[in-house]
Amino acid sequence: MLLHICRAAALLLAARRGIAERSHDQQYLGHLAVQTVEEGRMVCPPPGNAFWDDVAKQGTFTTVKATVKPATVATHDAMIFDWTSRYAKFRGPQKTEEEKPTLEQVLQSFKNSTNPGKGSGISGASFFLSEDSSLIAKSIDDREVRKAVQLANVLSETVTNPSLLVPVWYMLRFCNVDGSNCEGWIVSPTINGERKRKKGKFDVKAGGKNTVGIDFGLFKAKMHINTMAAEDGIFTDTFPKGLVMNDTTLKELQDRLWVAKQALDGVEVYDYSLMITLSEQQNCTGMRGVLVMDDVMGEETESSGKFQGCVAIGIIDQYSNWGQTHFENTGQAKLNSQAYSKNMIKKVAGMMPSKHTHATWEPATEDELSCLERYFHVECR
């Protein structure tokens, strides 16, 4: 028994240390992302740098098993990956599937990009917005580069139906020649079209928590360490009874959310977000997202008004945070990932993994989660 307690204490200490170190590591990553040379080490150039124009001349790749030698500068190799086929189509502002821009168009769009500053993202990463704000380039570190490649492979090998994952159209990868360390940028379309007079965009994690398993022999339990920071409180304060839609729309949301869960569990990640954007615009014109849903309703607390309009959503930040390494080193990554995704699908859309087979899902019961506590649902009875 004492041995089990010691192991549990060590695990909790390691996980908490990972969380505590995260803010320092994020600041370091943000610092690297906007510098050209630091302490004699060449770091990843920003997406608008002419360096990537030269790399683009060698073409793009879909896997890391490339037969062409990467472009080499000083002690670093660089490649650009095109992962468009791995993801569902993105819905554009004209209510049609949006055509992905060419690599040349993407690189050009970041020549006059907006730089919000080091570590300016909610996740602590640095990012750039393209000149027209239709694209975002987010910095990723060595761990995230590996997870990005793993997720692209899972999507290619096992996913056949559309998901809620925001597409990663291109990854700009910058590695040491020996492959010991990689950095890069992922380029994705932005979810936008939100209303202006009231809060119209929410970055939510459904109250997701870090979870570890405790094994005392005959006694086994799961323990929650901490809750991921996000805008769930703001969302539920704004829409205390969630958002209401018809059965068909909810079913599409649920199906896409389930596909996303399966893919993300496949690479054992957590701490991703669901970006929710809403507007009262008619016919959803001008809204972009992985899934755009019309005729959505909700009661707002502000001035006791009612919302009726469109909602665009998509899952972002797909590669976990700095605590991922600690969960992997302690053998807890799979449990933590599945606990996080299970909570996400339950809170967002009232879903639970099937009790008979985890390959399918079933509606959550009222005992498991009240209808009015779900972010999206049909009218509660």
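The values are calculated or read from the model by the stated rules, or taken from the named source; none is laboratory data. Fair warning: this is a prediction, and the values are worked out from it, not measured in the lab. Please note: Cβ atoms are built from the backbone with ideal geometry, for glycine as well, and neighbour counts cover all protein chains shown. Areas reflect the complete protein model, heavy atoms only, side chains present, ligands, DNA and RNA absent. Shrake-Rupley method; radii C 1.70, N 1.55, O 1.52, S 1.80 Å.
Given a Förster distance of 45 Å, report the FRET efficiency between residue 359 and residue 102 from their Cβ-Cβ distance, rounded to the nearest 0.05.
Efficiency computed from Cβ-Cβ geometry: 0.75.
For the pair residue 299 and residue 234, label points projected 7 Å from Cα toward Cβ lie 2.4 nm apart.
Model label points for residue 226 and residue 306, set 7 angstrom from Cα along the Cα-to-Cβ axis, are 4.2 nm apart. Placing unit charges on the Cβ atoms of the charged side chains and taking the dipole of region 122-173 about its Cα centre, the candidate lying farthest along the positive direction among 148, 127, 137 is 148.
Put a plus charge on the Cβ of each Lys and Arg, a minus charge on the Cβ of each Asp and Glu, and nothing anywhere else: the dipole of region 252-353 about its Cα centre is then about 300 debye. Measuring with a 1.4 angstrom probe and ignoring ligands and nucleic acids, residue 195 comes out at about 20 Å² accessible.
Work out the FRET efficiency for residue 53 and residue 199 from their Cβ-Cβ distance, taking R0 = 45 Å, and round it to the nearest 0.05. Walk me through the numbers before you get to the answer.
On the way: r = 39 Å, r/R0 = 0.87.
Working from the Cβ atoms, E equals 0.70.
With r as the distance between the Cβ atoms of residue 246 and residue 132 and R0 = 41 Å, compute the FRET efficiency 1/(1 + (r/R0)^6) and round to 0.05.
That gives a FRET efficiency of 0.80.
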